[in-house]
């Protein structure tokens, strides 16, 4: 019985010695690239995750032509929540949620995609609700995104959201239940 186990173990080790070098090679016998090192977790992620989780939910509507679309959004209405946005969110959370940034007044600023794992669409909205610019933002630690002009609101969604809903810049309007 012991000899049988030793023989099986020897066979397994021999098989591993044959398979391992072959697995380390890519197509046509070329060495496979080394796996990318895992990114170090951002020490700010717990802070951003807490701000994201604390964003209150609101109902808003977007009027696009004759159609009105009701949307449930997370509201980024403070500096901390606005700084957090979708940083350190999961791709599933990005697919499931929209974030409405309310700056309280017209402003001119830009958005980054640091610590955001998936591409986003962002609509820039004037004080009167007009959606005047929609941009696609790709994950990047350095790229900045913003419109040409001031805005009060920005609405972030997963990439492709606005096109899939027929929402186009210059033709759609954000409707808030409690217009300020």
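For residue 57, the criteria (1) touching a residue at least 12 places away in the same chain (Cβ under 8 Å); (2) over 16 Å from residue 177 (Cα atoms) hold in every case but one, which is (2). The sole residue among 81, 105, 58 that is surrounded by fewer than 14 Cβ atoms within 10 Å (Cβ to Cβ) and modelled with pLDDT of 95 or more is 105.
Among the residues of segment 84-97, write down those that are touching a residue at least 12 places away in the same chain (Cβ under 8 Å) and either surrounded by fewer than 19 Cβ atoms within 10 Å (Cβ to Cβ) or not assigned by TED's automatic domain parsing to the domain that holds residue 154 (or both). Spell out the reasoning first.
Taking segment 84-97 first, the residues touching a residue at least 12 places away in the same chain (Cβ under 8 Å) are 84-91, 93-95, 97.
Hits for segment 84-97 are 90, 91, 93, 95, 97.
Residue 75: surrounded by fewer than 19 Cβ atoms within 10 Å (Cβ to Cβ) and assigned by TED's automatic domain parsing to the domain that holds residue 147, yes or no? Spelling it out, residue 75 is indeed surrounded by fewer than 19 Cβ atoms within 10 Å (Cβ to Cβ) and assigned by TED's automatic domain parsing to the domain that holds residue 147.
Just for segment 81-133: of the residues that are assigned to a helix (DSSP H, G or I) and under 17 Å from residue 60 (Cβ atoms), which one is nearest to the chain's Cα centre (by Cα)? Steps first, please.
First, the residues of segment 81-133 that are assigned to a helix (DSSP H, G or I): 81-84, 91-96.
Okay, now just the ones that are also under 17 Å from residue 60 (Cβ atoms), so 81-82, 96.
Working: 81: 15, 82: 14, 96: 10 Å.
My answer is 96.
Counting only residues that are out of contact with any helix residue (DSSP H, G or I) (no Cβ under 9 Å at 6 or more places or on another chain) and outside any strand (DSSP E or B), which one in segment 57-80 is nearest to residue 162 (Cα to Cα)? Checked segment 57-80; the qualifying residue nearest to residue 162 (Cα to Cα) is 65.
The values are calculated or read from the model by the stated rules, or taken from the named source; none is laboratory data. These numbers were taken from a predicted model, which means no experiment stands behind them. Here Cβ is always computed from backbone atoms with ideal geometry, including for glycine, and neighbour counts include all displayed protein chains.
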